[in-house]
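See structure below.
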Amino acid sequence: MRKIRSPQGSGCVLQGHEIRKAEFTLIRQAQTQAYPDEIETLKQHGIVSKSSSIYRLSPFMDSMGTIRMGSRIEAAPESAYPAKYPVILPKQHSITTLIIDNMHRRPLHANNETVHNEMRQQYYVASLRTLIRKVSRNCQFCKIRKAVPKPPMMASLPRVRLTPFVRAFTYVGVDYFGPVEVKIGRSLVKRWVALFTCLTVRAIHLEVTHSLSSQSCIMAFRRFIARRGAPREVYSDNGTNFIGASRQLSEEQHKMQQVNKDCATTFTNAHTTWYFNVPAAPHMGGPWERLVRSVKTAMKVISDCKTHPSDEVLETVLLEAEGVINSRPLTYVPLDDADAEALTLTTFCCTGPTVLISLS
């Protein structure tokens, strides 16, 4: 039996029948405020009028003056009296809300169906499930427990993703992934892959690098320029090798400005600007991070072998993966036109380099 100390602080405890008596007093108060005419009619005639909202419930008044719902299972010997004749509670009343809230907290904020089952054992409330959901939504403990972070609205695409009428790889994003172990003789050596992606048409270019040093990054960047042309802007993460490559590129461009005009015109038609993402913001590198995953997936399918590849095999696999990804269609191909050809990334990046920069 649950014991509750009285609010007077006198040391007396409330007995179970006292708590039950207080509960029925509150229930009768709620019924008196919600059904005054029905209570008067039940006291005089034992039946409510047909115009009453609870007429279909066959209500009657018990010995304690509480309105209960009639039932057809009164002959069931195993059913308790409250389950046979549940107390009718008004839908829009604060006492009803408090009783539902108590039932919601008693099973430790369980699911709504558990609360509904417990309520139906003693009470009848119209639109009970709706009220239970309302109480659950207003429960502060449940709000905190079920709270999830709200993702911010996606920002507008940057200028380099939307610039029209420029050749492929004018605006480039670069990233590294790896290492990939290759077999040289009897030893295993690590290799990394530099991924260059056009931020406008999303084509890719792959280069094998032998280390994570700035010099290796510069060599990969020179090979990229020799085949694709000098980019106007380069975007990357804050890797130490990228910072070193960017610094050396700036120094080389500054030196080339001091040579004669003919040499400068030949090698510095386009000036490359290198931008770094904000530190600890990997979401800003989404355009190339997603393509890194695509390249890894293509490599797993192409090189279906358990042994470590050689340098030659690795380079071949990377070029095949590059061709597969750059051949993905960009437009919908209708089935009713057999002559229609899909527009792919290869269409934009099939031309050779237009500008070269000397980095030696």
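Points worth noting:
- Using the Cβ-Cβ distance between Asp37 and Leu14 with R0 set to 35 Å, the FRET efficiency works out to roughly 0.55.
- Counting only the Cα atoms, region 149-217 fills a convex hull of 149 Å³ per residue.
- Volume per residue that the Cα convex hull of region 153-193 spans, once the total is divided by residue count, Å³: 90 Å³
- Shape class for region 1-113: prolate, because the ratio a/c of the largest to smallest gyration tensor axis (alpha-carbon atoms, square roots of eigenvalues) is 1.5 or more and a/b beats b/c.
- By the equivalent-ellipsoid construction on the alpha carbon gyration tensor, region 124-249 comes out with semi-axes of 50, 23, 13 Å, ordered largest to smallest.
- Local net charge near Gly285, Cβ-Cβ under 10 Å (Lys/Arg +1, Asp/Glu -1): -2
- For region 1-151, share of DSSP beta bridges that run antiparallel, in % to the nearest 5: 65 percent
- Computed with a 1.4 Å probe over protein heavy atoms only, the accessible area of Phe141 comes to about 110 Å².
- Calculated on the Cα set of region 27-175, radius of gyration then Dmax: 27.4, 93 Å.
- Full-extension gain in nm, Thr273 to Met61, via 0.36 nm per residue minus C-alpha separation: 67.7 nm
- Of Lys21/Lys43; Lys183/Lys296; Lys21/Lys84; Lys143/Lys296; Lys91/Lys146; Lys50/Lys91, those spanning more than 31 Å from alpha-carbon to alpha-carbon: Lys143/Lys296
- Split the accessible area of region 41-194 by element, probe 1.4 Å, and carbon with sulfur accounts for 55%.
- For region 171-185, 3J(HN,Hα) computed residue by residue from phi via the Karplus equation (6.51, -1.76, 1.60; θ = phi - 60°) reads 10, 10, x, 10, 8, 10, 8, x, x, 10, 7, 10, 9, 10, x Hz, glycine and proline entered as x.
- At an R0 of 56 angstrom, the distance between the Cβ atoms of Glu113 and Gln248 translates into a FRET efficiency of 0.25.
The values are calculated or read from the model by the stated rules, or taken from the named source; none is laboratory data. No experiment lies behind these values; they were computed from the predicted model shown. Cβ: placed from backbone, ideal geometry, glycine included. Neighbour counts: every protein chain shown. The accessibility values were calculated without ligands, DNA or RNA, using every heavy atom of the protein model including side chains. Shrake-Rupley method; radii C 1.70, N 1.55, O 1.52, S 1.80 Å.
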